[in-house]
Amino acid sequence: MKYDEKELLAKATKPLEIASKLHSFYKGKIAITAKCRVKDMHDFDVWYTPGVASACRDIVSEPEMVYELTNKWNSVAVVSDGTRVLGLGDIGPKAALPVMEGKALIYKYLGGVDAFPICLDTKDPDKLIETVLLLNPSFGGINLEDISQPKCFYILDRLRKESKIPVWHDDQQGTATVTLAGLINALKVVGKNIGDVKIVFMGAGAANIRISDLIFQFGADAKKCIMYDSKGPLGKSRDDIMNEPSLKEKAHICRISNEAGFEGPIAEALEGADVLISLSKQGPGTIPKEWLTKMSKDSIVFACANPVPEIWPWEAKQAGAKIVATGRSDFPNQINNSLGFPGIFRGALDVRAETITDEMCIEAARELAKTAEDKGLSEDYIIPSMDEWEVFPREAAAVGAMAIKQGIARKVMTKEKLYEGAEAIIRAAREQTKLLMKEGFITEPKK
């Protein structure tokens, strides 16, 4: 395939050029709208006082009725402290708010989930944990977002144990789920088995650590794989990691991967490697083309730094990569969390799952991969795009069914019923947005 580099560069930078203007025009991306009838003011006698007291008493008598009488069943808090936002780093809770609003918009449009951005003015992990636990009564689930490591692991571990509702860290679990889905199909396209390939992971942040964990659970041989942080390859010789209690997740990677004890630079590690999964420093130029020329035949490159990938896709192709994926929607093969969290939380909420397990994530990855496979795989199509909205109810049904199978669902129903319910909710959310645009309640800015 031939690439017009000038045209692709212009396409890649255009969203950054228009984003601030559009954000200013709309003054935010989400709002609260009514979902109940309001024919006249007398309806508030039911929705508020005195009628609402009846619903309150019902919940006092049976706490689980809160899921039937309020929107708790369909609500998620998107919680961040702004310490690791996209590729921008520690920009603080105020500057993180546009991202969390965007997340909430995607939740609604793609998953039919009502999500609320909550940016906390603290960097203390224990205060964040306490706040989330205090918020539990109001929400059906918690999405942790853009929290720096290593505290993000500690926060997630504690909240998964202590929270009465599902807690999910999208930068870890969401990224891992979608990356696994892309890898499943990429390997099918090139005809390689996951248990046989050598994978090099560039970057040892929360995302890549969880990606590797899920990929290893799916069948990749960790002993053949190598992960790099800023100091070099992870392995048993890395005393700076092995002797640091706060880095237990990285220490685990040191113990199970890189069995040969390779200590050379990443350029040498890539010699003969089948897959490069990079979530590292923004590019372009972070990954030189020369590195990729030494990879195996039909190599796979996931360059997923945001907003600019470590290497432009056309450069990776020129260097010999058979399949290239990035985190961007303006290139083929977008490895983006937005393909995961709306459907996964739709499924978890619909069965009132107690938590979101790795098995649920793997099942979501399988369904994502299967949805693309059903349409026909190619080098430039290994994973569905965000506008293929049928993937989300399919994903929701798969996740809900796995939660039921694992015995962690409070509601039990067939997979068919799960799909029907999810499809109806997601369709309604999309149609509502279209209707608001059609009727002029959501307007277009003047050109």
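Computed extension gain for Lys27 through Gln406, at 0.36 nm per residue and net of the alpha carbon distance, reaches 132.1 nm.
Assuming R0 = 51 Å, what is the FRET efficiency of Asp58 and Phe441, from their Cβ-Cβ distance, to the nearest 0.05?
On the way: r = 34 Å, r/R0 = 0.67.
With a Förster radius of 51 Å, E is 0.90.
Checking (1) 23.0; (2) 37.4; (3) 20.6 against the coordinates, the calculated mean projected area of the Cα convex hull in nm² falls under label (1). Listed by chain and number, the lysines whose alpha-carbon sits under 17 Å from that of Lys127, ignoring those within fewer than 8 places in the same chain, are Lys151, Lys161. Just in segment 203-269: which trypsin sites (Lys or Arg not before Pro) are loop by DSSP and have at most 15 other Cβ atoms within 10 Å? Within segment 203-269, the qualifying trypsin sites (Lys or Arg not before Pro) (loop, at most 15 other Cβ atoms within 10 Å) are Lys231, Lys236. Extension gain, Lys164 to Glu416: 0.36 nm times the residue separation minus the Cα-Cα distance gives 88.0 nm.
Would you mind calculating the gained length between Met65 and Lys289 on full extension (0.36 nm times residue separation, minus the Cα-Cα distance), in nm to one decimal? Can you show the working numbers first?
Details: separation 224, 0.36 × 224 = 80.64 nm, distance 5.82 nm.
Net length gain for the segment: 74.8 nm.
Annotation for Ser329 and His252: the two label points, set 7 Å from Cα along the Cα-Cβ direction, are 3.3 nm apart.
Are any of the pairs Lys188/Lys322; Lys39/Lys103; Lys14/Lys447 more than 24 Å apart by Cα-Cα distance, and if so, which?
Violating the 24 Å Cα-Cα cut-off are Lys39/Lys103.
Under the rule of -39500 (n - 2.57) per DSSP H run of 4 or more residues, summed and divided by the residues of the chain, what mean residue ellipticity at 222 nm is obtained, to the nearest 500 deg cm²/dmol?
On the way: 18 runs with 206 residues, N = 447.
One gets -14000 deg cm²/dmol as the mean residue ellipticity at 222 nm.
Modelled this way, with points 7 Å down the Cα-to-C-beta line, the labels at Leu88 and Lys14 are 2.3 nm from one another.
A P(r) calculated from all alpha carbon pairs of segment 383-446, with 5 Å bins opening at zero, reads 3, 16, 19, 16, 15, 12, 8, 6, 3, 1, 0 percent.
Where a number appears in this text, it was derived from the coordinates with a stated rule and is not lab data. Worth saying up front: this structure is predicted, and the values here are computed from it rather than measured. Note: ideal-geometry Cβ built from the backbone for every residue, glycine included; neighbour counts use all protein chains shown.
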